[in-house]
Amino acid sequence: MVRMQELRRLGCAALLLIVASGASAMSLPARAISDSLRCVGPTRTTDPGAVMGRPFLWAAYQALDRDRSQLAGLGPLRHSAVLSAIAERHSVYMASIGSWSDGDPEGNILWRVHAAGLTSTYAGQNVVYANGNDIPSAIQTGERFFAAEANGGGPHWDNITNPNHHFVGMGLAVSGGPGNWTVFLTQVFSDQGGCSSAAGDMTTTAAVISSSIHIGAIVHPSVDALQLRTEPHGLVISTLQAQDRLQIMDLQENWAQVKRLSDNTFGWVYAPLLTST
């Protein structure tokens, strides 16, 4: 029997910036999890608002990593494409009703994580919608609301710092236009982020990466048509050529978050395929 730990639901409004937010968390006794769950992998929506938001996911992950580091002394969580797909579908749902919602027609957060094929014991969800002059600033506004709980505690910060949460996935749905953007942001946390090895693990074991590949380094692909993704193992948003100059913004296991210097496009690439020569 699923046991829900109701942390508490929080909604608020703040002068055109933050409109509303919520958080939920669930846990399940490990022995109650079926080992026969099949990994179905991430199913991405084709919703135009979600497609528009994908190139800006870097800003959401960057804000989360910054707040965990500066406010809690914690390292970054591992990114999960499975959790991100769950988060994205929920953001699309919130955009469709024009409001934040912890609830989802597809079920509670732990049920949705299990339906995606993860045998998780813990799962949590943070949601917010916020406005801004541009999409990255709206995302930062939403994350600042979560971070405001760092001093006094709260359900969002509990999810962000929960020691049982090792993976995170984020989803965005975007509406509006220049000067008045609205973002519906969902963060999904869990103790697991990839499928079982038999079904194809969504995480990758460590590979050899050159010592010249470090944060701040200027590099370029060692191959043509290197895929630029929304996140590690995420959706392809562009392809890079060997002549493209890139700056490394972050590193996570075998993946590097890069900025293409010609147009300031951000994304994640497989780091062993980068070179500084």
Checklist entry - Residues Phe146, Phe56: which one is of a type in the set (Phe, Trp, Tyr), surrounded by fewer than 22 Cβ atoms within 10 Å (Cβ to Cβ) and within 28 Å of Gln257 (Cα to Cα)? => result Phe56
Next on the checklist: Looking at segment 262-277, I want the residues that are farther than 13 Å from Asp250 by Cα and touching a residue at least 12 places away in the same chain (Cβ under 8 Å) and have a partner that is part of a loop (DSSP other than H, G, I, E, B) and open to solvent by 70 Å² or more (accessible area, probe 1.4 Å) with Cβ atoms under 8 Å, at least 6 apart or on another chain. Which pairs are those?
Outcome noted: Ser262/Arg245; Pro272/Val208
Next on the checklist: I'd like to verify a number: residues in segment 229-246 that are more than 16 Å from the chain's Cα centre (by Cα) and either hydrophobic (A, V, I, L, M, F, W, C) or surrounded by 16 or more Cβ atoms within 10 Å (Cβ to Cβ) (or both), how many?
Outcome noted: 4
Checklist entry - Mind checking whether some residue in segment 82-94 is open to solvent by 40 Å² or more (accessible area, probe 1.4 Å), among the aromatic types (Phe, Trp, Tyr) and farther than 26 Å from Leu251 by Cα? => result yes
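Inspect segment 126-148 for any residue being hydroxyl-bearing (Ser, Thr, Tyr), within 25 Å of Trp255 (Cβ to Cβ) and touching a residue at least 40 places away in the same chain (Cβ under 8 Å) and give the result as yes or no.
no
The values are calculated or read from the model by the stated rules, or taken from the named source; none is laboratory data. Here the structure is a predicted model, which is why all the values come from computation and not from measurement. Neighbour counts run over all protein chains shown; Cβ positions are idealised from the backbone, glycine included. What goes into the accessible areas is simple: the full protein's heavy atoms, side chains included, and nothing from ligands, DNA or RNA. Shrake-Rupley method; radii C 1.70, N 1.55, O 1.52, S 1.80 Å.
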